[in-house]
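Presented below is the structure to which this report refers.
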Amino acid sequence: MASALDRLTYAARQTARVAWYAGHYAAGRRLLKPMPKPDFPVGPTPSRDELTKDMRAVFEREWQDIKAGLLPVPRSLSFDPGEFLRRSVLYFRDLPQVDARRHGQSEELPPGEQGDGLPDYYRQNFHFQSDGWLSEHSAAIYDTQVEVLFTGAADVMRRRAMKPIAEWMVGRSQRHLAGLDVGCGTGRLLAFLHDAWPGMKFTGLDLSPPYLVEARRLIGRTARVKLIEGAAEKLPFDYASLDLVVSSFLMHELPETIRQQALAEMARVLKPDGLVVIVDSIQRGDQPSWNGLIDLFPHYFHEPYYAEYANGSVEAWGEAAGLKPIASERAFLSKIAAFNR
Ligand SMILES: C[S@@+](CC[C@H](N)C(=O)[O-])C[C@H]1O[C@@H](n2cnc3c(N)ncnc32)[C@H](O)[C@@H]1O
């Protein structure tokens, strides 16, 4: 059961994270050259106050689930202040390159060789980030970039996937369960899942070898978490072989046909009583008074598939892939959609 000290530690840790990344966001805005104003219609956008309140409400919901004994108190994945600083320096050093790409002054493609098996849709500078998904440098600064974008709320949005998982877990023995994180990236959601259910076997799958190396570094050596190179649209698992499939912030990075194949693959590998949980950006209509954010996002960040993603529905795509939507939560700028078969 969570104690008063747990509450204090949780609040202090989350407040410090938000302050740290909000500081990066503010400093970054001053360093970046302003982008030209959008020349297309932009829907309504929330005020900064409204966004802050909404973000706080997500932390509060997580705390209530911790207090109710549904979720564990999340540990800080890195305690080392030197590590935070090192990543911060890397992030700021890289900003001028990101800015040049934002203003169309640089068009280099990520490293690697054509013909190495990686699909063309994948080999791009997503978010204008240096090296796309394809270098150690990119893997080392990705988490900072995402947390700056979400002002310290990226991890808590990922962790909201754990609520439907915890509810589904009731009456199940974790030692007999196998889970998969599709597009696990640097492994943050996997690390939280492994902390919460250390007896369960997890696999993290991603197309990027350097991101998998970063995930291993974060999670540590454990036979309970395997990390493998692979494609979401061709999962190397048998029909009905997994109990749990999760995926965070992958759907909006995929072209339509690949995304639908990936969802169909998740449905194929899931056991009949299994659970799929998808975390990704809100879509148009999830919070209509924020639709302008959805319009602006691909204008400021290189997100080739986001506009198409944002105009659809993860729930409907899941259904088309043979999954049944059972729960959904909007958590700040993300939504969490849970499905069974
Ligand atoms: C936006 S990141 C999300 C990473 C992580 N899940 C998170 O919560 O931060 C997208 C990740 O998906 C991976 N990815 C993109 N397309 C993929 C595909 N077709 N199959 C497997 N991984 C893919 C990328 O390498 C990258 O690590």
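Here are some notes:
- Cα shape, the chain, gyration tensor, a/c 1.5 rule: rounded
- 3J(HN,Hα) couplings calculated from phi for the range 45-56 with the Karplus curve 6.51 cos²θ - 1.76 cosθ + 1.60 (θ = phi - 60°) are, in sequence order, 10, x, 6, 4, 4, 4, 5, 4, 4, 5, 5, 4 Hz; Gly and Pro show x.
- Split the chain at each of the GluC sites (Glu not before Pro) in a DSSP loop with at most 12 other beta carbon atoms within 10 Å, and the longest piece is 114-341.
- Extending 7 Å from Cα along the Cβ direction at Arg75 and again at Tyr25 yields two label points whose distance is 2.8 nm.
- Rough spin-label spacing in nm, given labels placed 7 Å along Cα→Cβ, for Ala307 and Lys324: 3.8 nm
- Across the options His299, Pro255, Leu212, the greatest Cα extent toward the positive end of the charge dipole of the range 154-340 (unit charges at beta carbon of Lys, Arg, Asp, Glu) belongs to Leu212.
- This model, with +1 at the C-beta of Lys and Arg and -1 at the C-beta of Asp and Glu, gives the range 1-94 a dipole about its Cα centre of some 320 debye.
- Prolate/oblate/rounded call for the range 37-105, Cα gyration tensor, a/c under 1.5 rounded: oblate
- 3J(HN,Hα) from dihedral phi, the range 256-262, Karplus parametrisation 6.51/-1.76/1.60, rounded to Hz, x for glycine, proline: 3, 5, 5, 4, 5, 4, 4
- Placed amide H near Val246: partners under 5 Å, 5+ positions off or other chain: Leu180, Asp181, Val182, Val277
- Close amide H partners of Leu227, meaning residues 5 or more places away or on another chain with modelled amide H under 5 Å apart, are Gly204.
- Förster radius 25 Å - calculated FRET efficiency between Arg224 and Asp49 (Cβ-Cβ, nearest 0.05): 0.05
- Trypsin sites (Lys or Arg not before Pro) restricted to the range 170-242 and DSSP loop, no more than 15 other C-beta within 10 Å: Arg172, Arg221, Arg224
- Chain lengthening between Phe40 and Glu167 when straightened (0.36 nm per residue, less Cα-Cα): 41.4 nm
- Residues whose amide H comes within less than 5 Å of that of Gly274, counting only those at least five positions distant or on another chain, are Arg341 (H built at 1.01 Å from N in the peptide plane).
- Theoretical FRET efficiency, 1/(1+(r/R0)^6), r = Cβ-Cβ of Ala12 and Arg61, R0 22 Å, to 0.05: 0.75
- Listed values for the range 170-181 are Karplus-derived 3J(HN,Hα) couplings in whole Hz (6.51 cos²θ - 1.76 cosθ + 1.60, θ = phi - 60°), namely 4, x, 9, 9, 4, 5, 9, 10, 10, x, 9, 10, and x replaces Gly and Pro.
A short reminder: the numbers here are calculations on the coordinates, not readings from a lab. Just so it is clear, the structure is predicted and the values come from calculations on it, not from any experiment. When we count neighbours, we look across all protein chains shown, and the Cβ atoms used for this are built from the backbone with ideal geometry, even at glycine.
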